[in-house]
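For reference, the structure is listed below as structure tokens.
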Amino acid sequence: MRQQLFFSPTMRDVPSDAEAISHQLMLRAGLMRQTASGIYSYLPLGLRMIQKIQASFAKR
């Protein structure tokens, strides 16, 4: 499936509450979104990335 068809909103600015660099990059890339204070949900592209990582570790 083409990446253009996925809903992946991106951000230009770094969120003020994100402290870790990886957290900032995942929010800016549109891989996850903060739904409430301390609660995050993965967007379709982020979930696909996690599934691919888990599949690569399962092969070992």
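The values are calculated or read from the model by the stated rules, or taken from the named source; none is laboratory data. Everything quoted here is computed from the prediction, not taken from an experiment. Cβ: placed from backbone, ideal geometry, glycine included. Neighbour counts: every protein chain shown. All accessible areas refer to the heavy atoms of the entire protein, side chains included, with ligands and DNA or RNA removed. Shrake-Rupley method; radii C 1.70, N 1.55, O 1.52, S 1.80 Å.
Among the residues in segment 41-56, are any assigned to a strand (DSSP E or B) and open to solvent by 50 Å² or more (accessible area, probe 1.4 Å)? Checked against the condition, which is being assigned to a strand (DSSP E or B) and open to solvent by 50 Å² or more (accessible area, probe 1.4 Å), segment 41-56 yields at least one hit. Restricting the first member to segment 36-51 and to residues that are under 15 Å from His23 (Cβ atoms), and the second to residues that are part of a helix (DSSP H, G or I) and modelled with pLDDT of 90 or more, the beta-carbon pairs closer than 8 Å and six or more apart or on different chains are Tyr42/Ile50. Annotation for segment 4-15: at least one member residue is over 13 Å from the mean Cα position of the chain (by Cα), open to solvent by less than 60 Å² (accessible area, probe 1.4 Å) and either modelled with pLDDT under 85 or aromatic (Phe, Trp, Tyr) (or both).
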